[in-house]
Amino acid sequence: MKQRKGQGSGGSRGRKKRGLSDISPSTSLPPLVEGQLRCFLKLTVNRVIWKIAKPPTCVLVRVRWWGETSDGTLFCPRDALQTEPKAVRTTTRYAIRCGPKQFTSYLTGLTCPGTSVRNLRQLPSTSYH
């Protein structure tokens, strides 16, 4: 079979897949489940919208799943009030290692992933569960 000029055998070689992930995930899902890779869950925390008078200037958002033994995944989203550019890290892809019924059951048992918003200039964090 004759190939077109500039196209490798893979068809998309050399092209970077944009928007897949810019953060390494802290775990696969459900945590501590070993098994065949079934699919991925893409999670994006792209900005923080504050409802308080004096919001902190620099924040990290940590997502920690039920059953996770690590410190979670840190996101560095854009602040909605931010005018200066900064390095943002907003997206990760968690490997799903169980079937759809089991994963649905895991998600149904959650109220939400454990998250915390942390001001980079102060040590205490505010947690939401």
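The values are calculated or read from the model by the stated rules, or taken from the named source; none is laboratory data. Being a predicted model, the structure only gives us computed values, none of them experimental. With ideal geometry, Cβ positions are generated from the backbone for all residues, glycine too; neighbour counts draw on all protein chains shown.
Test SER28 against the criterion of being of a type in the set (S, T, N, Q) and at pLDDT below 75, and give yes or no.
For SER28, the condition - of a type in the set (S, T, N, Q) and at pLDDT below 75 - is not met.
Could you tell me whether any residue of the stretch 63-73 is among the polar types (S, T, N, Q), surrounded by 17 or more Cβ atoms within 10 Å (Cβ to Cβ) and either modelled with pLDDT of 95 or more or out of contact with any helix residue (DSSP H, G or I) (no Cβ under 7 Å at 6 or more places or on another chain) (or both)?
Yes, the stretch 63-73 contains a residue that is among the polar types (S, T, N, Q), surrounded by 17 or more Cβ atoms within 10 Å (Cβ to Cβ) and either modelled with pLDDT of 95 or more or out of contact with any helix residue (DSSP H, G or I) (no Cβ under 7 Å at 6 or more places or on another chain) (or both).
Is the stretch 41-56 home to any residue that is in contact with a helix residue (DSSP H, G or I) (Cβ under 9 Å, 6 or more places away or on another chain) and closer than 18 Å to LEU110 by Cβ?
Within the stretch 41-56, one or more residues are in contact with a helix residue (DSSP H, G or I) (Cβ under 9 Å, 6 or more places away or on another chain) and closer than 18 Å to LEU110 by Cβ.
Is it the case that ASP79 is modelled with pLDDT under 75 and touching a strand residue (DSSP E or B) at 6+ places or on another chain (Cβ under 6 Å)?
yes
Quick check on the stretch 75-82. Is at least one of its residues in a loop (DSSP other than H, G, I, E, B), surrounded by fewer than 16 Cβ atoms within 10 Å (Cβ to Cβ) and touching a Phe, Trp or Tyr at 6+ places or on another chain (Cβ under 8 Å)?
Yes, the stretch 75-82 contains a residue that is in a loop (DSSP other than H, G, I, E, B), surrounded by fewer than 16 Cβ atoms within 10 Å (Cβ to Cβ) and touching a Phe, Trp or Tyr at 6+ places or on another chain (Cβ under 8 Å).
On the basis of being of a type in the set (Lys, Arg) and at pLDDT 90 or above, does LYS86 make the cut?
So LYS86 fails the test.
How about the stretch 34-56: which of its residues are polar (S, T, N, Q) and either surrounded by 13 or more Cβ atoms within 10 Å (Cβ to Cβ) or more than 16 Å from CYS76 (Cβ to Cβ) (or both)?
Of everything in the stretch 34-56, those that are polar (S, T, N, Q) and either surrounded by 13 or more Cβ atoms within 10 Å (Cβ to Cβ) or more than 16 Å from CYS76 (Cβ to Cβ) (or both) turn out to be GLN36, THR44.
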